[in-house]
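Student: Pasting a structure here, questions to come.
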Amino acid sequence: MIDDNWWWLVHGKNRLNEADKKDYNFEKQLDSKKAIYSHNPEIDLNIKVLTEENEVCAFASYFEYEPQIAFIQFLCVDKNSRRKHYGEKLIRNILEELFKKNYLIVWLNTRTENIKALNLYKKIGFEEFNPYESEDIENKDKEAIYLVIKKENFN
């Protein structure tokens, strides 16, 4: 599941070039439970795993971005487990947990060409936003669409 998507597990400014993939270690990230994030390398990474018959079908990772704001870093559903709503179940479970803990905003990003994921997030209640409105967008990630959901908009 990870080989095709490892790059998305490295958040923001810490993203590695394709040539630097050898420097990224998913198992190390899981073991340390730390988000690879430029703002604060000590952020705890939360991981939810969905299994069926002792096989990993899907997982998602998320962390506190700022007080009362969380970031869903990654959602991955195994190719053989798709079309069973596992991604939606994981995202809804994470949102329920975060909003019960009094987070007010949860955001994420997805690839611009990942229409299925974009539709899923919008179905759940996420809305597109531009996190770089006050910055020079020329240097920002054009491969990603950013989405946000507020506690009051989640049902």
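Since every read-out is calculated from the coordinates, none of them should be taken as a lab result. Remember, it's a predicted structure, so these values are computed and weren't measured experimentally. Every residue, glycine as well, gets a Cβ built from its backbone with ideal geometry; the counts of neighbours run over all protein chains shown.
Student: Out of the trypsin sites (Lys or Arg not before Pro) in the range 58-106, which ones are loop residues according to DSSP with at most 16 other C-beta atoms within 10 Å?
Tutor: Here the sparse-neighbourhood loop sites are ARG82, ARG83, LYS84, LYS101.
Student: May I ask which of LYS84/LYS150; LYS100/LYS151; LYS123/LYS151 have a Cα-Cα span longer than 18 Å here? Intermediate values should be presented prior to the final figure.
Tutor: Values: LYS84/LYS150 26 Å; LYS100/LYS151 9 Å; LYS123/LYS151 15 Å.
Flagged as over cut-off: LYS84/LYS150.
Student: On to the next question. Report ³J(HN,Hα) in whole Hz for each residue of the range 102-108, in order, from the Karplus equation J = 6.51 cos²θ - 1.76 cosθ + 1.60 where θ = phi - 60°; Gly and Pro get x.
Tutor: So the J values, rounded to whole Hz, are 6, 6, 9, 9, 10, 10, 7.
Student: What is the set of long-range amide H partners of LEU45 at a cut-off below 5 Å, with H atoms built 1.01 Å from backbone N?
Tutor: Counting only residues 5 or more places away or on other chains, the set is LYS34, ALA35.
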